[in-house]
């Protein structure tokens with residue numbers, strides 16, 4: 001059976017394949033040709049994941065899994081939220097993602113510069129949706145609670161990982177190994193809820 005993962009990021013596909021560990025053929029957007037882009041203009045992560053999964057499933061005729069994820073900071077009224085990837089503006093053409101990551105981080109740190117540590121609570125959220133061309137089949141959500149640091153710490157991961165401190169690990173997400181991150185991450189938690197539902201659907 002083939003399932004399309006609505007991403008151009010090979011790392012996300014590899015992560016899903018490893019964590020779900022099911023006898024499936026996983027396809028990425030690069031495997032289905034140019035079918036246009038779904039605009040992520042929902043007000044929640046779940047809405048965006050649903051929009052991508054249903055849109056690409058209808059366009060390709062394939063079961064499609066999509067995710068939307070980001071950072072919610074309580075002191076910023078929930079921002080950056082669904083705008084997490086483009087909080088400081090759109091990504092430029094020649095940016096591999098690292099420049100926009102640093103700009104987004106700089107904007108968050110500037111906005112929080114006068115906020116005391118105990119009020120810098122935040123969470124990563126990941127919404128997953130699997131759709132067939134006809135209907136939504138599975139939806140799950142995972143979160144990871146933490147605090148925003150006052151500077152970047154650690155070199156692993158991507159996005160806001162260097163400023164997201166996980167108290168029970170006593171590290172930022174960017175200080176965790178890939179295995180440690182998958183064990184506690186918002187995406188990992190969403191995938192762990194997703195796996196038994198997909199297994200049941202396929203049986």
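The values are calculated or read from the model by the stated rules, or taken from the named source; none is laboratory data. Note that the structure is a prediction, hence the values are computed from the model and not measured. Cβ: placed from backbone, ideal geometry, glycine included. Neighbour counts: every protein chain shown.
Take residue 190 and decide whether it is outside any loop (DSSP other than H, G, I, E, B), free of Cβ contacts under 8 Å to residues at least 40 places away in the same chain and crowded, with 20+ Cβ neighbours inside 10 Å.
No; evaluated as a whole, the condition is false for this residue.
In the range 97-115, what residues are over 18 Å from residue 149 (Cα atoms) and under 17 Å from the mean Cα position of the chain (by Cα)?
Scanning the range 97-115 gives 97, 98, 100.
For the range 1-23, enumerate the residues that are closer than 25 Å to residue 189 by Cβ and at pLDDT 90 or above.
Once the filter is applied, which keeps residues that are closer than 25 Å to residue 189 by Cβ and at pLDDT 90 or above, the range 1-23 yields 3, 4, 5, 6.
So in the range 116-139, with the set limited to residues that are buried (at least 16 other Cβ atoms within 10 Å of the Cβ) and over 17 Å from the mean Cα position of the chain (by Cα), which one is nearest to residue 162 (Cα to Cα)?
Here the residue is 120.
Among the residues of the range 96-148, count how many are at pLDDT 95 or above and within 30 Å of residue 54 (Cα to Cα).
Matching residues across the range 96-148 total 25.
Which condition does residue 157 not pass, out of (1) closer than 24 Å to residue 105 by Cα; (2) within 15 Å of the chain's Cα centre (by Cα); (3) outside any loop (DSSP other than H, G, I, E, B), if it passes all the others?
For residue 157, the exception is condition (3).
Just checking, does the range 140-148 include any residue being surrounded by fewer than 18 Cβ atoms within 10 Å (Cβ to Cβ), over 20 Å from the mean Cα position of the chain (by Cα) and under 30 Å from residue 4 (Cβ atoms)?
No, the conditions are met nowhere in the range 140-148.
Suppose we filter the range 102-115 for residues that are crowded, with 17+ Cβ neighbours inside 10 Å and in contact (Cβ under 8 Å) with a residue 40 or more places away in the chain; how many remain?
Residues in the range 102-115 being crowded, with 17+ Cβ neighbours inside 10 Å and in contact (Cβ under 8 Å) with a residue 40 or more places away in the chain: 3 in total.
Taking the range 134-179, which residues are out of contact with any helix residue (DSSP H, G or I) (no Cβ under 9 Å at 6 or more places or on another chain) and on the phi < 0 side of the Ramachandran plot?
Result: 145, 167, 177, 179.
Looking at this structure, is residue 42 assigned to a loop (DSSP other than H, G, I, E, B), closer than 30 Å to residue 116 by Cβ and touching a strand residue (DSSP E or B) at 6+ places or on another chain (Cβ under 9 Å)?
So residue 42 fails the test.
Residue-by-condition table, conditions (1) over 25 Å from residue 147 (Cα atoms); (2) surrounded by 20 or more Cβ atoms within 10 Å (Cβ to Cβ); (3) out of contact with any strand residue (DSSP E or B) (no Cβ under 9 Å at 6 or more places or on another chain); (4) free of Cβ contacts under 8 Å to residues at least 12 places away in the same chain:
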| site | (1), (2), (3), (4) |
| --- | --- |
| 2 | yes, no, no, no |
| 32 | yes, no, no, no |
| 35 | yes, no, yes, no |
| 54 | yes, yes, no, no |
